[in-house]
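*Asks:* Shown below is the structure under consideration.
The values are calculated or read from the model by the stated rules, or taken from the named source; none is laboratory data. Nothing here was measured: the structure is a model prediction, and the numbers come from that model. Note: ideal-geometry Cβ built from the backbone for every residue, glycine included; neighbour counts use all protein chains shown.
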Amino acid sequence: MKYTDKVKKCQPFHTKLNELKDGDKMSFQYNGATYEVSAYKSYNDELSYSVWKDYRGMNVSKVGRTSLSLYSFDMMGQKTTYRMDFLDMEVL
């Protein structure tokens, strides 16, 4: 699949994510598990996102055209990163 085709297939999820306002949440399925993305205003009044499953979550560092880049820090300051592909997501 060409990159431009992938971007077109990912556009509906990307659009729904960008429509979220401060305090809004959206549920989606990713690899058989249910997650929730939350939008919130950060300290500089920019809109930021976080992805949650049960009581664990990761912050979104970048909303790309075809994926979400996530990160979190553990108790010892160790950074963990992950990338979720929009093609593997289904909005609930």
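*Asks:* For segment 74-89, which positions are loosely packed, with under 10 Cβ neighbours inside 10 Å and part of a strand (DSSP E or B)?
*Replies:* Within segment 74-89, just Lys79 meets the criteria.
*Asks:* So, one more: Does segment 29-46 hold any residues that are modelled with pLDDT of 90 or more and either farther than 27 Å from Gln78 by Cβ or of a type in the set (D, E, K, R) (or both), and which are they?
*Replies:* Within segment 29-46, Gln29, Glu36, Lys41 meet the criteria.
*Asks:* For Ser42, which of the numbered conditions (1) within 24 Å of Thr15 (Cβ to Cβ); (2) out of contact with any helix residue (DSSP H, G or I) (no Cβ under 9 Å at 6 or more places or on another chain); (3) of a type in the set (S, T, N, Q); (4) surrounded by 12 or more Cβ atoms within 10 Å (Cβ to Cβ) fails to hold?
*Replies:* Failing condition for Ser42: (4).
*Asks:* Looking at Thr34, Thr4, can you tell me which residue is closer than 14 Å to Leu92 by Cβ and not hydrophobic (A, V, I, L, M, F, W, C)? Before the answer, list the steps.
*Replies:* Numbers: Thr4 fails: closer than 14 Å to Leu92 by Cβ.
Result: Thr34 is the single residue among Thr34, Thr4 that is closer than 14 Å to Leu92 by Cβ and not hydrophobic (A, V, I, L, M, F, W, C).
*Asks:* Specify which of the listed residues (Tyr71, Tyr35, Tyr49) is crowded, with 16+ Cβ neighbours inside 10 Å, free of Cβ contacts under 8 Å to residues at least 24 places away in the same chain and not in a loop (DSSP other than H, G, I, E, B). Full working, then the answer.
*Replies:* Numbers: Tyr71 fails: crowded, with 16+ Cβ neighbours inside 10 Å; Tyr49 fails: free of Cβ contacts under 8 Å to residues at least 24 places away in the same chain.
It is Tyr35.
*Asks:* Same structure again: Do we have any residue at all in segment 11-18 that's touching a Gly at 6+ places or on another chain (Cβ under 9 Å) and either surrounded by 13 or more Cβ atoms within 10 Å (Cβ to Cβ) or among the hydroxyl-bearing types (Ser, Thr, Tyr) (or both)?
*Replies:* Yes, segment 11-18 has at least one match.
*Asks:* Would you call Thr66 among the polar types (S, T, N, Q) and closer than 15 Å to Val91 by Cβ?
*Replies:* Details: among the polar types (S, T, N, Q): yes; closer than 15 Å to Val91 by Cβ: no.
So Thr66 does not fit the description; no.
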